[in-house]
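Since the structure comes first, as structure tokens, the remarks are kept for the end.
The values are calculated or read from the model by the stated rules, or taken from the named source; none is laboratory data. As the structure is a prediction and not an experimental result, all values here were calculated from the model. Backbone-built Cβ (ideal geometry, glycine too); neighbour counts: all protein chains shown. Surface areas here come from the heavy atoms of the whole protein model, side chains and all, with no ligands, DNA or RNA. Shrake-Rupley method; radii C 1.70, N 1.55, O 1.52, S 1.80 Å.
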Amino acid sequence: TMLQTKRKHIETSYTPSIGMVTKHQIGLAIEEYNRLEREEKEHGRILVAQRASLAKWRNREIPLSFGHIVIEADYEDMKVTKTTKADLYISKLPGLAHDCGLTELSGQIREYCIANGRLLQAGGGNMHLPCRDRCPDTALRPIVLQGENPRMPRLIGEIEISHRGLHEILLYNAQLFASIPQLRATTFLKVCSRDAASRRFGALALLFRRLPGGVVCTDAVSCGTGPLHATVVRNLPPAIGGILRHLGIPPAVTMANPWPAALNPAITVPAGDLFYWRDDPATGAPVPIPGAPAAAADLHICLWSIIWMVNSHDPFS
């Protein structure tokens, strides 16, 4: 594929189509995705079709009658035309656990928007970025900014259950920041597989921010109903492992938050990132969007309420 030299691929007997994509081909790709899930193998995106018509895909001239499925496109033309060809990938097949966790995450972001003057809006939706189409789980954007693409967010939130490993998360995150100059922060909740005996699971929450020196992971939290596997912790990049916070294993899994406030059981996104407009051309200092509240609160994403919703579905798929 166009990006084959840049990606880690899984060797299987599954074969993507070339030049076109059909409902049958998407069904085969879904079967391959589910096979890897059943075997509890971390994997990247599943290639559905190579060099398919991007215009036909975007206009949905290619019939799609499946349920909730996230398909992304990669292509090489900086300027999209009717002849642009794209590689199409399944990036997610969200199940109830994912959707319930995402509902809680999106709800927290939406409540923040309402409480801070309704200048921001939360939601997903397809983003047409340079050389790639992406569909984030949720995003936060200014409602109105003259001359700016309304699809370009300041914050993107993703919930990754089982399949997407840290390597894939870091690659995906780097692509987002490289493609969206206005993007200031991303947060990922990586939910690991359940322990077969206890049915507990580890989880890792990450916050990345665009700082003057580049994109940096500024917070990492072990926040599952069970511990992160020792192999996961050992293989964390130093920049993440060095700041990892462990909230502790809850003695019981109930709706009540088991972690005291002193442990800071949240991911906190600074208001300055969320209300960012542009850099001042004279000083380089960040300028907030017009009308932004002078004393806007930071966004505190409660981790347990999301974990509780994810935990309510067993198995995850």
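Things worth noting here:
- Accessible area (Å², 1.4 Å probe, nearest 10) - residue 20: 110 Å²
- With DNA, RNA and ligands ignored, accessible area of residue 57 (1.4 Å probe; Å², nearest 10): 10 Å²
- 1.4 Å probe accessible area per residue over the chain, in Å²: 47 Å²
- Reduced Cα scattering model of the chain, Debye log10 I(q)/I(0), q = 0.12 Å⁻¹: -0.87
- Placing +1 on the Cβ of every Lys and Arg and -1 on the Cβ of every Asp and Glu, with nothing else charged, gives the range 207-317 a dipole about its Cα centre of roughly 200 debye.
- Of all stretches in the chain that contain no GluC sites (Glu not before Pro) in a DSSP loop with at most 13 other Cβ atoms within 10 Å, the longest one is 77-317.
- With the gyration tensor restricted to C-alpha atoms of the range 190-269, the semi-axes of the equivalent ellipsoid amount to 24, 16, 9 Å, longest first.
- Dipole magnitude (debye, nearest 20) for the range 126-168, charges at Cβ of Lys, Arg, Asp, Glu: 140 debye
- Student exercise, the chain dipole from Lys, Arg, Asp, Glu Cβ charges, in Debye to nearest 20: 440 debye
- When the residues 159, 30 are ordered by accessible surface, computed with a 1.4 Å probe over the protein chains alone, the sequence from largest down reads 30, 159.
- Seen from every direction in turn and averaged, the convex hull around the alpha carbons of the range 59-193 projects onto 9.4 nm².
- Take 286-292, 276-282 and order them by the average number of nearby Cβ atoms within 10 Å per residue, most first; the result is 286-292, 276-282.
- The chain - percent of accessible surface contributed by carbon and sulfur, probe 1.4 Å: 57 percent
- Amide H contacts for residue 120 (H built 1.01 Å from N in the peptide plane; partners 5 or more residues away or on another chain; cut-off under 5 Å): 143.
- Considering only 293, 88, 220, the residue lying farthest towards the positive end of the dipole of the chain is 88, judged by Cα position with unit charges set on Cβ.
- Accessible area of residue 41 in the full protein assembly, 1.4 Å probe (Å², nearest 10): 100 Å²
- Helical segments meeting 15 Å axial Cα length and Kyte-Doolittle 0.0 threshold in the chain (DSSP H): 96-115, 166-179
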